[in-house]
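Below you'll find the structure, written out as structure tokens, and then a few comments.
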Amino acid sequence: MTALNWVLVLAIIVLAAFVLAGLFLGARALRQLQAGREEVKGRQDRAVDDAKAKVDDAKAKAASVRAEAAAAKAEAGAARAEARRVLEAAHEEADTILEHAHRQAEADAEQVRVAARRSGEREVALLNTTAKEQAADVERRAARIDERERLHADELERLVERERRLAALDADLSRREAALTDRELALAGAEEAHGKELERIANLTAEAARAELIENIEGQAKREAAVLIRDIENEARSTADTRARHIVVDAIQRIASEQTAESVVSVLHLPSDEMKGRIIGREGRNIRAFESVTGVNLIIDDTPEAVLLSCFDPVRREVGRLTLEKLVLDGRIHPHRIEEVFDTARNEVERLCDRAAEEALVDVGITDVHPELATLLGRLRYRTSYGQNVLKHLVETAHIAGIMAAELGLDVPTIKRSAFLHDIGKALTHEVEGSHALIGADLARKYGESEDVVHAIEAHHNEVPPQTIEAVLTQAADACSGGRPGARRESLEAYVKRLERIEEIAAGKVGVDKVFAMQAGREIRVMVRPEDIDDIGAAVLARDVAKQIEEELTYPGQIRVTVVRESRVTELAR
């Protein structure tokens, strides 16, 4: 059934509902009228019975009954009129609903027709577009096929032409080969005669002449080879320097590490100076208990709202700092409480160290490390060297070594592992005697590291001569990480003294006019008098200054010595 039919059925159902409602109201009115009539009849019967006794009263009541009957009739007529009015209103409303339904159905049908027309137009346009694209694609494919067939035809023509030329060349080569054979026979005869004539003139046999000729050629070849080797070495040295600079600069630029500060003591800020007395305790018992439990020296001076903690072991110093911080926050400071908080702080520091080691290993990309080595790596979280955090230095060195190895096409995981573990011995330098490089090599060998890694660790400070590329790259990455600007710092006094000594070394040479220490002491520029020193002397002066600086001073990274020799001639035009 269509929507219009459903609307008509709905309108008929509504009209039937209104008709039934009108019939129900009319039936109700009729029932009320019948009830009124029955009541009137009963009243009449009662009036007749009473009239026999009271005739005079019956006449009055009869009149009243007649009036009531007239009123009932009037009410019945009004009910019939109301029923007819309701029925007519129902008919009118049904007609209105049917008309509205017809109009709504026509509007819906018109909308459906318009939507169908638009959808059909879109589908037709889409089909036309698709057909056009397919036709264009077919045309392009046909054009490509035609072009390919044309190229194949041209290639076939070229091949045929090449075959013709090859056949002609083959015939020509056959002729030339025959001519060369004849010429070789003639030359062989002439050479034999020429050799006999030379032997007769030079009084030398062919073997002696050949030996002398070979000796002359060998000497000439050796001289040419020496010149060639020198040129190749110069070119290789120049290329290697340029390539090495590029690799080192690229590695350092790609590693953006933060600048660190040296930690000598730990400072704990207090909420007030009254807390110092509670930390000291009665007759100093709290401070004695703290130092005996933690092994950290507690320095309480006139510094407002602060105390100092000093210890050679950075892990123990951090445990002491956390212990004192928790005690200050808790407020209860006595020997028994100090022992309880110390155990809690030690466990917390161990967890922090383990987490720092895990994060460093994930950052570098190393997973298979012995748990004891990972624990030692975590202890380096609180260790510094010249102001540079050792654990961050290991991560930075590993990244630099990995970048260099990738640029050189080497084994990146092994070299990164060697660079990452090269300072592992610093975790035990205050517990075991010896160089941290040799201690670290023993640790790595003990916990199953490869010999390449062990050798790189023990050779990164030249305690053992480096023999592998892993050791050399570990040294280079270590120098790049420690020597980059801002990685490490020294005291102002030592810094100034080093710069002054650098300038004194250069200024003490003969022929030096001015000396400038530049770039925080990483470059020294020497101005010489041109009348006293020539170009060769300038090169010798630069080498002497660099050698003396290497022998007398200790510094991170490297120092560049630049000698400037400048000649100026001035003349006046009058």
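The values are calculated or read from the model by the stated rules, or taken from the named source; none is laboratory data. In this text, all values refer to a predicted model and were calculated from it rather than measured experimentally. Counting neighbours? That spans all protein chains shown, and the Cβs are built from the backbone with ideal geometry, glycine included.
Below are the figures for this structure:
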read-out: Residue check for R379: surrounded by 14 or more Cβ atoms within 10 Å (Cβ to Cβ), of a type in the set (K, R), in a helix (DSSP H, G or I) and touching a residue at least 60 places away in the same chain (Cβ under 8 Å); value: yes
read-out: Qualifying position, being under 30 Å from S450 (Cβ atoms), in contact (Cβ under 8 Å) with a residue 12 or more places away in the chain and polar (S, T, N, Q), among T344, T367, T384; value: T384
read-out: Number of the exception - D478 against (1) modelled with pLDDT under 85; (2) surrounded by 18 or more Cβ atoms within 10 Å (Cβ to Cβ); (3) not in a helix (DSSP H, G or I); value: (3)
read-out: Every pair of residues 6+ apart whose Cβ atoms lie under 7 Å, when the first sits in region 276-299 and is free of Cβ contacts under 8 Å to residues at least 40 places away in the same chain while the second is in a helix (DSSP H, G or I) and of a type in the set (D, E, K, R); value: G295/R316; V296/R316; V296/R317; N297/E291; L298/E291
read-out: Tally, over region 526-552, of residues that are among the aliphatic types (A, V, I, L, M) and either in a loop (DSSP other than H, G, I, E, B) or exposed (fewer than 15 other Cβ atoms within 10 Å of the Cβ) (or both); value: 4
read-out: Sole residue being under 30 Å from T2 (Cβ atoms) and either of a type outside the set (A, V, I, L, M, F, W, C) or surrounded by fewer than 10 Cβ atoms within 10 Å (Cβ to Cβ) (or both), chosen from E147, E155, E110; value: E110
read-out: Residue check for H422: surrounded by 23 or more Cβ atoms within 10 Å (Cβ to Cβ) and not in a helix (DSSP H, G or I); value: yes
read-out: Out of G434, G440, G448, sole residue that is surrounded by fewer than 21 Cβ atoms within 10 Å (Cβ to Cβ) and under 24 Å from R316 (Cβ atoms); value: G434
read-out: Residue within region 107-125 that is touching a residue at least 60 places away in the same chain (Cβ under 8 Å) and on the phi < 0 side of the Ramachandran plot present; value: yes
read-out: Condition broken by R574, with the remaining ones in (1) modelled with pLDDT under 80; (2) charged (D, E, K, R); (3) within 16 Å of E504 (Cα to Cα) satisfied; value: (3)
read-out: Residue among I424, I469, I439 that is in the same structural domain as K392 (by TED's automatic domain parsing) and under 20 Å from K392 (Cβ atoms); value: I424
read-out: Meets criteria (within 21 Å of T384 (Cα to Cα) and either modelled with pLDDT of 85 or more or within 39 Å of the chain's Cα centre (by Cα) (or both)) for R321; value: yes
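Results for (1) of a type in the set (S, T, N, Q); (2) surrounded by fewer than 20 Cβ atoms within 10 Å (Cβ to Cβ), shown as yes or no for each residue.
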residue: I300; (1), (2): no, yes
residue: K326; (1), (2): no, yes
residue: N347; (1), (2): yes, yes
residue: A374; (1), (2): no, yes
residue: T397; (1), (2): yes, no
